[in-house]
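In what follows, a structure is listed as structure tokens, so that the remarks can point back to it.
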Amino acid sequence: CTWLDHNVGQILAALEAAGFGEDTTVIYTSDHGDNVGARGLWGKSNLYQESVAVPLIMAGPEVPQGTCDTPVSLLDVAATVPAHFGLAFEADGTPLPQIAAAPTQAERPILSQYHAVGAVSGAYMLRQGRWKLNSYIGFAPELFDLEADPEELTDLAGDPAYAQTLADLE
């Protein structure tokens, strides 16, 4: 992240020099990732972490400095933009500065879905704390413990020891 830290610092310095530093918020994010060969998969048409994760850096007034360990989604980015301008937002999502200023909510649920090119059915992901459920319509669910298995190599959905966790997430 050194490159990103350096470039975000340059952007903020340029905003300050132009007189916009007091009231400008910068959100640096992008599209979600690609598998790039992980599991022999290429593209974005699945729900594994390398495909669904989105980088996010934010700086500006009322944005606490540091790392926020509360999971967020693009719905939160959508809520952040109107909040920055003092406008109401009547949909799902919480402004990012509000999330960053609050105590960490590691169990905050995040939902993702995929219905585009390469998908043979609707795909839904729910991440809550250490647990992640991937659900593809017409296929068996996948359950992963991201603390013990961050690479998502061991599907726990069929293991009776995790039946309650699977049921709770479903």
Criterion first (more than 26 Å from G40 (Cα to Cα) and either surrounded by fewer than 12 Cβ atoms within 10 Å (Cβ to Cβ) or in contact with a strand residue (DSSP E or B) (Cβ under 9 Å, 6 or more places away or on another chain) (or both)) does R127 satisfy it?
no
Tally the residues that are open to solvent by 70 Å² or more (accessible area, probe 1.4 Å) and within 16 Å of Y28 (Cβ to Cβ), restricting the search to segment 79-95.
2
Can you spot a residue in segment 38-52 that is surrounded by fewer than 17 Cβ atoms within 10 Å (Cβ to Cβ), more than 30 Å from Y136 (Cβ to Cβ) and under 20 Å from the mean Cα position of the chain (by Cα)?
no
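For every residue, the table says whether it meets (1) modelled with pLDDT of 85 or more; (2) surrounded by 13 or more Cβ atoms within 10 Å (Cβ to Cβ); (3) within 24 Å of T154 (Cβ to Cβ).
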| position | (1), (2), (3) |
| --- | --- |
| I27 | yes, yes, no |
| G33 | no, yes, yes |
| G66 | no, no, no |
| V117 | no, no, no |
Scanning for something more than 28 Å from G66 (Cα to Cα), part of a loop (DSSP other than H, G, I, E, B) and either touching a strand residue (DSSP E or B) at 6+ places or on another chain (Cβ under 9 Å) or of a type outside the set (A, V, I, L, M) (or both), does segment 143-154 turn up at least one residue?
yes
Given the conditions (1) open to solvent by 40 Å² or more (accessible area, probe 1.4 Å); (2) among the small types (G, A, S); (3) not in a helix (DSSP H, G or I), and given that A163 satisfies all but one, which numbered condition is not satisfied?
(3)
What helices (runs of 4 or more DSSP H), lying completely within segment 1-114, carry at least 2 residues that are farther than 18 Å from M125 by Cβ?
2-17, 74-84, 96-101
Is it the case that Q98 is open to solvent by 80 Å² or more (accessible area, probe 1.4 Å) and closer than 26 Å to E170 by Cα?
no
I'm checking my understanding of the structure. Among residues of segment 86-121 that are in contact (Cβ under 8 Å) with a residue 24 or more places away in the chain and in contact with a Gly (Cβ under 6 Å, 6 or more places away or on another chain), which one is farthest from D69 (Cα to Cα)?
G118
Looking at P55, P103, P61, P71 in this structure, which one is over 22 Å from D145 (Cβ atoms), open to solvent by less than 60 Å² (accessible area, probe 1.4 Å) and of a type outside the set (G, A, S)?
P61
Return yes when D76 is among the acidic types (D, E), within 18 Å of the chain's Cα centre (by Cα) and open to solvent by less than 50 Å² (accessible area, probe 1.4 Å) and no when it is not.
yes
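The values are calculated or read from the model by the stated rules, or taken from the named source; none is laboratory data. Quick caveat, the model's predicted, so the values are computed rather than measured. All Cβ positions, even for glycine, are placed from backbone atoms using ideal geometry, and neighbour counts span all protein chains on display. Ligands, DNA and RNA are excluded from the accessible area calculation, which covers all protein heavy atoms including side chains. Shrake-Rupley method; radii C 1.70, N 1.55, O 1.52, S 1.80 Å.
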